[in-house]
């Protein structure tokens, strides 16, 4: 399977916005919502929904509101930054990891009456 990102790389910015608009429209129709219903749920103007579906640019905030109303915020997961530990920090953590268990109870064998 080849690199699936080449489609996006070859596209202009306006073509990408148009694809996002097609996605929004498709999701809206799959959810059986009119533009007006989606606009009310997203808290934005219906004109903004029409604008993105027609391939016009909208603000990032409007896009987030639309995705939230479509229950599609999970698409933004790709933007989350994952905390990665450097190999040096990992080695330091392994060095400090306990290697044995120790019995912390006092040794009562010297108090034996035998």
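Where a number appears in this text, it was derived from the coordinates with a stated rule and is not lab data. In this text the structure is predicted, and so the values were computed from the model without any measurement. Cβ sites come from the backbone with ideal geometry, for glycine too, and all protein chains shown count toward neighbours.
General observations
- Scan of the stretch 46-69 for residues that are touching a helix residue (DSSP H, G or I) at 6+ places or on another chain (Cβ under 6 Å) and assigned to a loop (DSSP other than H, G, I, E, B), ordered by number: 55, 57, 58
- Where a residue in the stretch 16-29 is more than 12 Å from residue 51 (Cβ to Cβ) and its partner, wherever it lies, is in a helix (DSSP H, G or I), with Cβ under 6 Å and at least six apart: 28/38
- Among the residues of the stretch 75-87, at least one is part of a helix (DSSP H, G or I), surrounded by 10 or more Cβ atoms within 10 Å (Cβ to Cβ) and without any contact (Cβ under 8 Å) to a residue 24 or more places away in the chain.
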